[in-house]
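What follows is one structure encoded as structure tokens, with my remarks underneath.
Please treat every number below as a calculation from the coordinates, not as lab data. Fair warning: this is a prediction, and the values are worked out from it, not measured in the lab. Counting neighbours? That spans all protein chains shown, and the Cβs are built from the backbone with ideal geometry, glycine included.
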Amino acid sequence: MAEPSSSSSGLLYLFVVLLGPVVGPHAFVLFGATLGGATALAKTRPTGRFGDILFLARVIGIALLFTMPAAHFLSGTFIGLPIDFAMPCVAYTIGWKWDQLTEKAWPWILERLGFRKPGQKPEEVTRDGGHE
């Protein structure tokens, strides 16, 4: 096997030094959300391969959006955890419990915003977005 040349090692070093601080925290979030989503997926009924992939993609996307604000809240004002420790924990929790949070929170939010009448039952929706 050929040894890496000094120019390719230098480019890799430059890539890691410049992009590591930017990509590193998102890699923690991505890993934590994937583990949390897989935990939630293991406890639900299967809806087919495409439905499961869509569920994981939705959970990971939501975790990428909400992890940083929640981790800053936990690290700065509430508990005082270091941000590097709080981000993967928050991402895992969002991935693990997001489907249960949405079942309880969205009806309340939609009622408060006026999109649904108080006490109106929401339609049953499966994990892959289809109606039952």
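In terms of its C-alpha gyration tensor, the stretch 24-113 has an oblate overall shape, because the principal axis ratio a/c (a ≥ b ≥ c, square roots of the eigenvalues) is not below 1.5 and a/b does not outweigh b/c.
With a simple spin-label model that places each label point 7 Å from the Cα along the Cα-to-Cβ direction, the separation between LEU18 and THR44 comes to 4.0 nm.
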